Amino acid sequence: MRRWFWMLFCLAALWPLSAQGFDPQKDVGIVVDKGALRLTVPAKVHLKVAFMQVALKPGQSGSLKTGPLPAATAQDELGDGIWRGSVVVPLVAEGLTGEVEFDVTYQPCTEGEGGVCFAPTKRAMKVAAGELGGESTGKAKGAAPSEGLWGLFLIAFLAGLAASVTPCVYPMIPITMAVIGAKGGGKARGFALSATLVLGMAVTYTLLGVVAAKTGATFGAFAQKPAFLIPVALLFGAFALSLFGAFEIALPASLQAKLQGDGSRKGFAGAFVMGLVLGPISAPCVGPVIGSVLLGITQQGHAFLGGAQLFVFALGMGVLFMVVGTFSAGLPRSGDWLVLLKQTMGLVVLAFAVWTLRYIAPEWLSLGMWSVVGLAGGAVFGAFGPADGLLGSFRKGLALLVLATGLLLGLRAIETFTKVDLLPRGGSAAKAETEAWRKQWLEQDLEGALAKAKAEGKVVLVDTYADWCAQCHELDEKTWPDAGVQAWIAANAVAVRIDTDKVRPELAAKLGIASYPTVLVLDGDGKELRRILGFHKPAGMLAFLSGR
């Protein structure tokens, strides 16, 4: 009995070290409250917004989906939206009776040293239909519960209002007002033309909401692929060039003249068309704002509700245009400040385009694109112009610093592409270490690593990862390139990296992978010697690898 007692005591003591004492099944609280799910996670734990799903068990009549998901409270290292603390997820139920069984899918991640991202976790739930608002009440098919609906629309309206003051929208206001001809027509006409413009903008966003609802989860999945990211980045680049003054985003003169029309309806068709295209024009800044709304729509699949939300969002975004169109005399006059503002916003949009490609562009291309951003920044801030006064001198100094950074990045891009050092590496030696550690590792080949380790009398170091795992990227950037870690691997192990989420999912069950990153040490026969979960700094990883 004493032996069993001490074994249980040791297991209890070691368990918190395995994943910070967190169980993805037991430690995520889920309750059904007034037609919604309330999920609660402990401190230093978050849920990823993109993995939140609800699905009925097979063989049940009716339907059950998530409503519009609440906005993310923060972002992780990959820029993905996350929730901390408690979050309320509305449910859309229809035609449910009696006892309802459904699954709730979520993905929890622990934070800090040793933090891990668990694989998407599925929890079975069983509640009465009345708690979900799903009793048969004669509602039309596709109708959403009205409880809380006005609150959702208010949030969408406020989000649109906030989006209307983002930098990419404001520079478009003078252009838009010129096209619709609000100036000189009186406040009543300005109001009518502006309302028409906002209506056109609302149509664009409504269609976007319906498409998002109809495409469902495929919409979110496609948005992560190069086929989507590359065109978006090119579109952002085009907007940046327009803001730099390379060209104007405007309709052809002949078409513009036709849209202006004549008589009492003069300008209304042009205003409506301008509203239709205003959404894409302002996308670089408002895209992140509507992203969370679109994600909620794709999750709950309600075409009517999705379109209505984006319609209300567009109305909120159109408030600024209504005000400016009605009181057009209050518009600030064009001048040097407006040119500088537009060019600065163009620089931000260009940087966002480069950032969008950060995970899919080759290293040399990424460095080259950031070099272009730096060179453009030097020009925008006045590196090639005179400096007047103290403020002008400070601005030119900043411009020269940005310009020098762009030139240095350009040289590094050439070095990376040609594999020829043009400058002393100096503080960039860590980059060479990063390349060195990757050369030591096998990719996806566990069998080859086991065979090689057995022949050389070494152990196998297995790093399991997933593309969506932020802590996995931290290991790649901060821990594996460390000289001490590399030296230990070279002397003692055959290292292999395996994507057990997509590339080799069959190994996830075989190796017992429940969260990412999970690092294993195996002997040559494949027997597990040690495992560690989550991101650890070099010192902690060395202690683990050495068995301390």
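Would you tally the residues in the stretch 65-96 being assigned to a strand (DSSP E or B) and of a type in the set (A, V, I, L, M, F, W, C)?
Summing the residues that are assigned to a strand (DSSP E or B) and of a type in the set (A, V, I, L, M, F, W, C) in the stretch 65-96 gives 9.
Can you work out which of the residues in the stretch 32-46 that are among the aliphatic types (A, V, I, L, M) and farther than 16 Å from GLY67 by Cα is modelled with the lowest pLDDT?
Keep residues of the stretch 32-46 that are among the aliphatic types (A, V, I, L, M), which gives 32, 36-37, 39, 41, 43, 45.
Narrowing further to those that are farther than 16 Å from GLY67 by Cα: 41, 43, 45.
Details: VAL41: 91, ALA43: 86, VAL45: 91.
So, considering only residues that are among the aliphatic types (A, V, I, L, M) and farther than 16 Å from GLY67 by Cα, the one modelled with the lowest pLDDT is ALA43.
Restricting GLY185, GLY220, GLY190 to those that are modelled with pLDDT under 65, of a type outside the set (D, E, K, R) and farther than 30 Å from GLN53 by Cβ reduces the list to GLY185.
Taking the condition touching a residue at least 40 places away in the same chain (Cβ under 8 Å), within 28 Å of TRP355 (Cβ to Cβ), among the aliphatic types (A, V, I, L, M) and not assigned by TED's automatic domain parsing to the domain that holds ALA470, does MET52 pass? If you could, list the steps in order and put the result at the bottom.
Details: touching a residue at least 40 places away in the same chain (Cβ under 8 Å): yes; within 28 Å of TRP355 (Cβ to Cβ): yes; among the aliphatic types (A, V, I, L, M): yes; not assigned by TED's automatic domain parsing to the domain that holds ALA470: yes.
Here the answer is yes, as MET52 does meet what is asked.
Cβ-Cβ distances below 7 Å connect the following pairs, each with a first residue in the stretch 441-463 that is in the same structural domain as LEU533 (by TED's automatic domain parsing), a second residue that is assigned to a helix (DSSP H, G or I) and β-branched (Val, Ile, Thr), and a separation of six or more residues or different chains: LEU461/ILE489. Starting from residues that are among the polar types (S, T, N, Q) and touching a residue at least 40 places away in the same chain (Cβ under 8 Å), keep the ones in the stretch 464-510 and report whichever is farthest from THR110 (Cα to Cα). Step by step, filter the stretch 464-510, then rank; the result is ASN492. Working only within the stretch 356-370, note down all residues that are assigned to a helix (DSSP H, G or I) and within 16 Å of ALA413 (Cα to Cα). GLU363, TRP364, LEU365, SER366, LEU367, GLY368, MET369, TRP370, listed by residue number. Of the residues making up the stretch 380-401, just one is at positive phi and under 38 Å from the mean Cα position of the chain (by Cα), namely GLY382.
Contact map, the stretch 352-374: first residue under 18 Å from THR418 (Cβ atoms), second residue modelled with pLDDT under 80, Cβ cut-off under 7 Å, separation 6 or more or different chains; pairs are SER366/ARG358. Scanning the stretch 101-122 for residues that are in contact with a Leu (Cβ under 6 Å, 6 or more places away or on another chain) and modelled with pLDDT of 85 or more, we see that the one that is nearest to PRO58 (Cα to Cα) is PHE102. Scanning the stretch 478-513 for residues that are surrounded by 15 or more Cβ atoms within 10 Å (Cβ to Cβ) and small (Gly, Ala, Ser) gives ALA493, ALA495, ALA508. One residue alone among GLY368, GLY377, GLY307, GLY318 is over 18 Å from the mean Cα position of the chain (by Cα), closer than 24 Å to VAL232 by Cα, crowded, with 19+ Cβ neighbours inside 10 Å and modelled with pLDDT under 75, and that residue is GLY307.
Considered as a group, the residues in the stretch 51-64 that are part of a loop (DSSP other than H, G, I, E, B) and either among the basic types (Lys, Arg) or touching a Ser or Thr at 6+ places or on another chain (Cβ under 8 Å) (or both) include one that is farthest from VAL127 (Cα to Cα), and that residue is MET52.
The values are calculated or read from the model by the stated rules, or taken from the named source; none is laboratory data. Computed from a predicted model, the values in this text were never measured in an experiment. Here Cβ is always computed from backbone atoms with ideal geometry, including for glycine, and neighbour counts include all displayed protein chains.
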